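Notes follow the structure.
Bear in mind that the values in this text are calculations on the coordinates, not laboratory data. For clarity, every value in this text was computed on a predicted model and none was experimentally measured. As a convention, Cβ positions derive from the backbone with ideal geometry for all residues, glycine included, and neighbour counts pool all protein chains shown.
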Amino acid sequence: LATTTDCMTVPIERYVQNICLEVPAPPPGAFEVQLSILSQDIKFWAPPADQPIPYVSLPNNVLFECLDIGNILFAWYTLACERKVLLVSGQLSLLTVCSEILCALLFPMKWSHLYIPVLPRSLSPMLDAPMPYLCGISRDNFPFAVEDISDETVVVDLDRNVITLGPGTPDLPPLPHNRRKKLEAALKANAGD
């Protein structure tokens, strides 16, 4: 902690008081208010009023490290069209985090279908359910579930950045080209390639 003999020219209480009384709180949904103290940038943010805090505080970078932007858009659009999506990874924690992030990306819509972020081997017959689902399965259990996976399922391999469509997967309605390009550009600008 900095002391008055270090680099602080006033007592720490003054900095705290200044922050509490003088720095405006960001309105709900605003990205952040940035303040510089002792050459350190401090950022304050407030989640959108109509969005739960867990959605705002998810480590979204994890999904962008696993999948490229095109595959993220395809997985998101598949879920938005209420289709069957199966995530596969060797890391169980990755399945849960990426499932939650994909659900958060649907906001303001909400995933209201079958949702099992880490599907145990004993429940693999559920992958042939006649309803949309978002499930995750470990790479170790995947070979045992292959027989149960519906022909309409979109399999998203988080470890290899690969999406595989089942032989019976219906075509998705096309996204308007201009909107897709605009969304891709915004994602690249904010998340990188």
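Structure above, values below:
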{"quantity": "For peptides 161-170, 132-141, sequence by mean Cβ density within 10 Å, most packed first", "calculated": "132-141, 161-170"}
{"quantity": "Whole-angstrom gap from the stretch 143-161 to the stretch 168-193, using each part's C-alpha centre", "calculated": "23"}
